[in-house]
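Each reported figure results from applying straightforward, stated rules to the coordinates on display, with no laboratory input. A quick note: this is a predicted structure, and the numbers were derived from the prediction, not measured. Cβ sites come from the backbone with ideal geometry, for glycine too, and all protein chains shown count toward neighbours.
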Amino acid sequence: MLLRFLASVTALLLAWGVAQEAEGTQPPEGRPFAALTILSNGRQTIDLVTGLTTLPDGGRLMDAQTGVEVLAQVIRYVEGEYIEATAVTVTGVFGEVTAEALRIDVKTSLLTATGELRLARDGLRVSATSLRYDAVDQVAVFDGGVAGTEPTFSADRVLLDILTGDVLLDGRYEYAGGLFTMRSPEVGGRLQLTLQQVGEAVTYAATTEVSPALLERFKAYL
Amino acid sequence: MTLAGWAAAQCTAGPDTSQVTIPDYLAVYYLHFTSLPDEDEVRFYGGVCVTAVGGEWTVIADEVTVVGLSGELGLRAAAPMLYWGDLRMQAANLAATTETLVLQQATIDGPDFSGDATTMVLDLFTGAVVMTEFTLAGVAFAVSGESAELIGQTLSVTNAEVTTCIGVEQTPYAIQGVRATVDLTARSVELQGGVLRLGALRIGLRPRIELTEESLERFTLPLQVSNVPDGGDPARPGSGVGVRLVGLPLGDEGDATLDIGATGLDAPHTPGAVALVRLAVRESQQRVNATFGVEGGLPLLDVRAEREVTPWLDATVSLYSGAAAGETPYHEARVGLNAEADVPIPGPPSLTVTAEAFAAATALASIYDLATPLVFGPRLGAAAGFTAATGRTAAGSFSVRTRAEATYYPSQGALQWAVRLNPTWRLDVAPLALQLGYDTWLTNSASPFEGLDRRRPLARLTASARAAGQLATWGEDRRVTGSAGVRATHDGLPTSGNPAGLNAFVADAGLTYETGVWAFDASATARLAGVLDPAPSRDASVTYVLEARRSGWPVLQEGVEPHEQFAVRAEAIQGLLADDPGLRRLDLSVAVPLAFENLELRPSIGFDVAPLIESGLPPILSLHALDVTVITCCGSLTVGYTNKDGAVTASFAIDLERRPMKKE
């Protein structure tokens, strides 16, 4: 009897989830992360009082506008407010990010990832303590012991222009460019890495004199 | 701060600058950099210092590009400053590999020289520098050439030019050579295949010429001015004022030179030409010296060949015909043997023994008729002697020269003998110097060849004492120096023109006070032989001199100080003899240098005002002189004359290190 009840509740919840998926494909406000498609890998519970939905078996989030797709082992979200996930892999135009935790503020279109964070995209591999991705500006900011392996660098902070792939190392940095390992002055500095396609290879042109356009692009984050 | 120190100061990482190292190649200190992956380059800019790992060289530039990042590494820079050892170089462009540094349109500054080159290639492994179309200038001379290689301090130049003209585009003259070797430490040049270029004219020089800054400093014009006494006959050939250029090289071998000029240039003397070729050849143990040509309008031949028979014995054959300037004319063929040996004795004393023997056929001639001999005949002679010296001892230095000789004249049946004894003693104990000497010739004066080899008896005692030194100093540039001395000559036998007795006794004393640019002299010189041992030919007088000199004044042109000194001088002569007592003359003179950038004049004028004081007569012009110095980028030439009491002397001088002053 109890099993039959649980089965019918689950069926009801699944039916609601399918209804939710159908509704999430329509972006009601035109903002990134405002229209999410959420697919649960298993159970899905809803706190009817707070509106908090939990996917304890993990699942997948997809934002049709930004193309951001989140795979996580646990997902918790409040419709129109935020999404939190743990043990996540996020893919999008910025590449692929793995992190211990993720939070998407739907209202501000801000994606924040923390813990064992790694970014991989064409010509760029970054590890950091935290990532803040503004889906509106399409700027990603890595903080806390940022290190890159393709190309090899380290910096206090790294800013990534998702649209162009250009990178700005900020603060004290080290950049290994072929024969050289460039180091910032003692007081810190900035190094612009401009993405270049040389034949099949993706590479970066480095310069300490940051272009005004890039500074303008990152103005809100410097 | 040294150049290298200055460079090093630029090459340190600061709060705003960064540093990057390429292992085993270089370190770069920079403000900004930009990598250019598609061009395989990195551009450093905003003030860049590049130093070699090891510090052998340093480049400072606004911008430096490191090229060939994935291949052959190199450097490129515009308007760089390169420090290489104690050399500093600037260039329009620098290109470098891991093996060489190449500078284009470069200038170079070193401690002893500076210059420029179209290209300079520095070999980073060997340290050699190869230059093309370069000029390097030191203090005294400049070397330029088609190409050169600098290894250490030695510069080997191809198609070289050496000139004292520094800083001029087209040098009016230069010595050219196929090759040249420049020692930058010794500041000397050895040129091979030398040609003198005077404008468009080219004159062959000796195949090997060596120039040093020292030799150029001592350089004198190959011009000689002489005044040969006429002995009361102005028509005497070769007498009067003569001017000649000496040592002009002939041919490429360098052992033949030419003297050319003229004598008797002053009226009423008779002009005569001078054209003498001089040869000097030395081969192993043989030497030949020959002079032939015209001297004072008369032919002259002088050939002398020597051969070393043993290390202490030379055999000589000589031929002579004519009259050297001011000498007795004669014709002679002569053979002889000359021996000289140092006798080994322990300690500082030295002993040298000499001996000689000769046979000659000699004809003494008149200067007016060389073809007609006045005295003719063979001469057979022998001589021996020794010179011994103690060297310096606590009691002074002693030396003695002796000679005994005999000459036989078969045609005249005469024999002349002569013996000389010449001991001297000298003691130097600063500030005192004492000297005593005795020179005596005992002879029968029997030679028929008067003016050639006739000896005269002599018994001369000379003595002198002198003290000189600094008496007082105040500060760094004020001091007083003084000197006092006495010297005397006593002849035991009459000499030509002088009777026996005290023929000279001179006492003098003087003080000089120097303060900054001023110097003041005061001195008195007493000639007392005429009062101590009166004789008709002996004078006695005292000369008093007061003089003030100032350097660097007056300045007529801004930034140009005179090289010569301004001077005022008073010189008085007081007679001490009863037949010529009192003030004989009082000369007042002044010399004023007038300096301009390329010209300095120093006129002098003086008047004897003694007639004015003694008799109310007008002063007599006693001195007028003028030195004219033309200062060029090639050095300076001074031509001058002095007329003192009607006696005219001329002077020529070259200073290859004096050039127009650079205005700040």
May I ask you to work out the translational diffusion coefficient for chain A at 37 °C, viscosity 0.692 mPa s, via Stokes-Einstein with Rh from the Kirkwood sum over Cα pairs, reported in whole µm²/s?
174 µm²/s
From the phi of every residue in segment B:512-523, what ³J(HN,Hα) in whole Hz does the Karplus formula 6.51 cos²θ - 1.76 cosθ + 1.60 yield, where θ is phi - 60° and glycine or proline is x?
10, 10, 10, 9, x, 7, 9, 9, 10, 10, 9, 8
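When A:Tyr173, B:Tyr544, A:Tyr82 are ordered from fewest to most other Cβ atoms inside 10 Å of their Cβ, what list results? Walk me through the intermediate numbers first.
Numbers: A:Tyr173 22, B:Tyr544 15, A:Tyr82 18.
Fewest-to-most ranking of A:Tyr173, B:Tyr544, A:Tyr82: B:Tyr544, A:Tyr82, A:Tyr173.
Relative to the compact globular guide of 2.2 N^0.38 Å, what is the alpha carbon radius of gyration of the protein assembly as shown, as a ratio?
Working: Rg = 49.9 Å, N = 886, 2.2 N^0.38 = 29.0 Å.
Here the Cα radius of gyration is 1.72 times the empirical estimate.
Looking only at other chains, what is the average number of their beta-carbon atoms within 10 angstrom of each beta-carbon in B:27-36?
Whole-number average of other-chain Cβ neighbours for B:27-36 is 5.
Between B:Ala507 and B:Arg584, what's the calculated FRET efficiency when r is the beta-carbon distance and R0 is 22 Å? Round to 0.05.
Numbers: r = 18 Å, r/R0 = 0.83.
Rounded to the nearest 0.05, the efficiency is 0.75.
Counting only other chains, and only Cβ atoms inside 10 Å, what mean value do you get across the residues of A:166-178?
Details: counts 0, 0, 0, 0, 0, 0, 0, 0, 0, 3, 0, 6, 8.
The mean count of partner-chain Cβ atoms within 10 Å per residue comes to 1.
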Which listed residue (B:Ala433, B:Ala570, B:Phe652) has the Cα farthest towards the positive end of the charge dipole for chain B, taking +1 on Lys and Arg C-beta and -1 on Asp and Glu C-beta about the Cα centre?
B:Ala433
Can you work out the FRET efficiency for the pair A:Ala220 and A:Arg172, with r the C-beta to C-beta distance and R0 = 35 Å, to the nearest 0.05?
0.95
What average count of beta carbons from other chains do you get within 10 Å of the Cβ of residues in A:180-192?
4
Show me the ranking of peptides B:582-592, B:28-38, B:613-623 by mean Cβ neighbours inside 10 Å, starting with the highest.
B:28-38, B:582-592, B:613-623
Hey, how many Å between the Cα centroid of segment B:38-68 and the Cα centroid of segment B:553-631?
66 Å
Taking Cα pairs under 8 Å and at least six residues apart, what relative contact order does chain B come out at, in percent?
4 percent
Can you list residues from other chains, or at least 5 along the same chain, whose modelled amide H is less than 5 Å from the amide H of B:Ser447?
B:Arg455
Listed residue (A:Leu159, B:Gln412, B:Gly145) projecting farthest to the positive dipole end of the protein assembly as shown, Cβ model
B:Gln412
Determine the gain in length on full extension of the stretch B:Asp342-B:Leu493; use 0.36 nm per residue of separation and subtract their C-alpha separation, reporting nm with one decimal.
51.0 nm
To the nearest 20 debye, what is the magnitude of the charge dipole of the protein assembly as shown about its Cα centre, counting +1 on the Cβ of each Lys and Arg and -1 on the Cβ of each Asp and Glu?
2920 debye
How high is the relative contact order of chain A, in percent, with contacts defined as C-alpha pairs under 8 Å that are six or more residues apart?
9 percent
Semi-axes, largest first, in whole Å: what does sqrt of 5 times each Cα gyration tensor eigenvalue give for chain B?
62, 36, 27
Solitary cysteines of the protein assembly as shown, where the nearest other Cys Cβ is not under 4.7 Å:
B:Cys633
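Give, in nm to one decimal, the length gained when the segment between B:Trp474 and B:Glu56 is fully stretched (0.36 nm per residue of separation minus the Cα-Cα distance).
Values: separation 418, 0.36 × 418 = 150.48 nm, distance 4.81 nm.
Result: 145.7 nm gained on full extension.
Using a Förster radius of 41 Å, what is the FRET efficiency between B:Met661 and B:Ala465 based on their Cβ-Cβ separation? Nearest 0.05, please. Intermediate results must be reported in sequence, preceding the final value.
Numbers: r = 45 Å, r/R0 = 1.09.
Efficiency, rounded to the nearest 0.05: 0.35.
Once you keep just the Cα pairs under 8 angstrom separated by 6 or more residues, what percentage relative contact order results for segment A:122-222? Intermediate values should be presented prior to the final figure.
Details: 211 pairs, mean separation 18.4, N = 101.
RCO, segment A:122-222: 18 percent.
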Once you put a point 7 Å from the Cα of A:Gln196 and another 7 Å from the Cα of B:Thr515, both along the Cβ direction, what distance in nm separates them?
7.6 nm
